[in-house]
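**Student:** Sharing a structure below in structure tokens format, with a few things to ask.
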Amino acid sequence: MKTRKILALVMAIALLAVSMTVVAAAEDEVPTSPFTIYYQPSKLAYTDAETFAPNGLVLSDGSKQVSYETDYQYFTFSVELEQQLTIYMSEVEVFYKGQSCGFIAINVSHHGGEITPVNHHTHGQICEGCGVICKNEEHSVPFWVPNGDAGLLTSETETGTCSVCGDKVSRYIEGTATYTTIFASSEILISLLSLVSMIVQAFALI
């Protein structure tokens, strides 16, 4: 008798849990509208410093059309119209009188702002939308000035100013090391090695 009571209690709890799950799922489910997207909004490409603009959006149920311009009070969206977009947003869901009408695909890119050096080779734009450096490009140097600092094994450097970000940039001038200049010709190198060999042999005979 006691076992039956326990089983009955367990079954009652399980049924209650299932019922609550079904109710919660029903509450979360958004009803589908007979209206679907007939005309896309005029603007589909954005930067992350902008907000979604539904102007031009038209819905249709097959016999009737409604536009955002004339019935805007019945339209809502998965993003607030005052909410700044992010580059991670790729679609906006449309609701008419609380019912889902479908999705609008959008493209959100960075909004370029101040240009700043990133490293010795590139500069980038600081995005005004999210504040990160969003676009890297190589420095653009119109004029290079040699520094006259070539060494025995080190090539000379030259310095210039990037015309885009104003950063000072340096690079090596290939083939300007003293070692490279003297021994660039293989014939000269072979001749010097032969001379060294002759001198060593001469000392060996003494």
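**Student:** Find the residue count for the stretch 183-206, including only residues that are under 19 Å from Leu152 (Cβ atoms) and either at pLDDT 65 or above or open to solvent by 90 Å² or more (accessible area, probe 1.4 Å) (or both).
**Tutor:** The qualifying residues number 3.
**Student:** Select from the stretch 141-165 the residues that are of a type in the set (A, V, I, L, M) and either touching a residue at least 24 places away in the same chain (Cβ under 8 Å) or more than 30 Å from Ile126 (Cα to Cα) (or both) and list them in ascending order. Lay out the reasoning, then the answer.
**Tutor:** Quick first cut of the stretch 141-165, residues of a type in the set (A, V, I, L, M) only: 141, 145, 150, 152-153, 164.
Once the filter is applied, which keeps residues that are of a type in the set (A, V, I, L, M) and either touching a residue at least 24 places away in the same chain (Cβ under 8 Å) or more than 30 Å from Ile126 (Cα to Cα) (or both), the stretch 141-165 yields Val141, Ala150, Leu152, Leu153, Val164.
**Student:** Still on this model: Are any residues in the stretch 63-81 in a helix (DSSP H, G or I), open to solvent by less than 70 Å² (accessible area, probe 1.4 Å) and closer than 21 Å to Tyr46 by Cβ, and if so, which ones?
**Tutor:** Of the stretch 63-81, the ones in a helix (DSSP H, G or I) are 68-74.
Then drop every residue that is not open to solvent by less than 70 Å² (accessible area, probe 1.4 Å), which leaves 68, 71.
The one that is in a helix (DSSP H, G or I), open to solvent by less than 70 Å² (accessible area, probe 1.4 Å) and closer than 21 Å to Tyr46 by Cβ: Tyr68.
**Student:** Now, a different point. Sort out which residues of the stretch 62-108 are β-branched (Val, Ile, Thr) and either farther than 18 Å from Thr36 by Cβ or free of Cβ contacts under 8 Å to residues at least 12 places away in the same chain (or both), and write them in order of number.
**Tutor:** Taking the stretch 62-108 as the starting set, the residues that turn out to be β-branched (Val, Ile, Thr) are 66, 70, 76, 79, 86-87, 92, 94, 104, 106, 108.
Scanning the stretch 62-108 gives Thr70, Val79, Thr86, Ile87, Val108.
**Student:** What tally of residues in the stretch 85-112 results from selecting those that are within 23 Å of the chain's Cα centre (by Cα), in a strand (DSSP E or B) and surrounded by 17 or more Cβ atoms within 10 Å (Cβ to Cβ)? Explain how you work it out, then say what you get.
**Tutor:** Residues of the stretch 85-112 that are within 23 Å of the chain's Cα centre (by Cα), as a first pass: 85-92, 104-112.
Right, trim to in a strand (DSSP E or B) and you get 91-92, 104-105, 107-109.
From what is left, the residues that are surrounded by 17 or more Cβ atoms within 10 Å (Cβ to Cβ) are 92, 104, 108.
Counting residues in the stretch 85-112 that are within 23 Å of the chain's Cα centre (by Cα), in a strand (DSSP E or B) and surrounded by 17 or more Cβ atoms within 10 Å (Cβ to Cβ) gives 3.
**Student:** Ok, one more. Can you pull out every residue in the stretch 115-125 that is in contact (Cβ under 8 Å) with a residue 24 or more places away in the chain and open to solvent by less than 70 Å² (accessible area, probe 1.4 Å)?
**Tutor:** Within the stretch 115-125, Ile115, Thr116, Pro117, His123 meet the criteria.
**Student:** Could we say that Glu128 is acidic (Asp, Glu), part of a strand (DSSP E or B) and surrounded by fewer than 16 Cβ atoms within 10 Å (Cβ to Cβ) here?
**Tutor:** Values: acidic (Asp, Glu): yes; part of a strand (DSSP E or B): no; surrounded by fewer than 16 Cβ atoms within 10 Å (Cβ to Cβ): yes.
Answer is no for this residue.
The values are calculated or read from the model by the stated rules, or taken from the named source; none is laboratory data. For clarity, every value in this text was computed on a predicted model and none was experimentally measured. All Cβ positions, glycine included, derive from the backbone under ideal geometry; neighbour counts span all protein chains shown. Areas reflect the complete protein model, heavy atoms only, side chains present, ligands, DNA and RNA absent. Shrake-Rupley method; radii C 1.70, N 1.55, O 1.52, S 1.80 Å.
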